[in-house]
Amino acid sequence: MIALENLKIKNMTKSVKGTIQNPGKNVAQKAGLNRVILEQSWSLFKKRLTDKATNATTPVEVITINPAFTSMRCSKCGHTNKTNRKSQAIFCCKACGYTNNVNVNAAKNIISTAVGHTVSGRGGISHARSNKRHSTTR
């Protein structure tokens, strides 16, 4: 299984220019961030990864999860709070004191959400399943 966040790249890269009456803030920095995001071709990566996983000798399921709060939720105790992120890189849970890199903590949340879904079958996760039929022997 491969788990990814279902990021809305179009929304992430919207312009912040604003209007003459209400100009945007940090427009140059946002333009630079947008450029970097678009250069990474996340959508193309996801498509190619899904194609390769689906067409592999042993097909692998690619699961996309809702990205809401994955970087603010503690992977140890589940406490969610925006103050858990001390900085861009450091995660420190205000409830249990768990500390880790923000991305490592978020990755743990992503995989546990994906695994939890495959076990329980609850909503909020979309699947890119293989079209191959699995044969079973009795």
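Each value in this text was obtained by applying a stated rule to the coordinates, not by laboratory testing. Note that the structure is a prediction, hence the values are computed from the model and not measured. Glycine gets a Cβ as well: all are built from the backbone with ideal geometry, and neighbour counts include every protein chain shown.
Among the residues of the stretch 56-76, the one identified as touching a residue at least 12 places away in the same chain (Cβ under 8 Å) and over 17 Å from residue 111 (Cβ atoms) is 59.
The criterion of being farther than 25 Å from residue 116 by Cα and among the basic types (Lys, Arg) does not hold for residue 47. How many residues, within the stretch 1-38, are surrounded by 10 or more Cβ atoms within 10 Å (Cβ to Cβ) and among the polar types (S, T, N, Q)? Here the count works out to 6.
When we screen 70, 58 for residues that are touching a strand residue (DSSP E or B) at 6+ places or on another chain (Cβ under 9 Å) and of a type in the set (Val, Ile, Thr), the only hit is 70.
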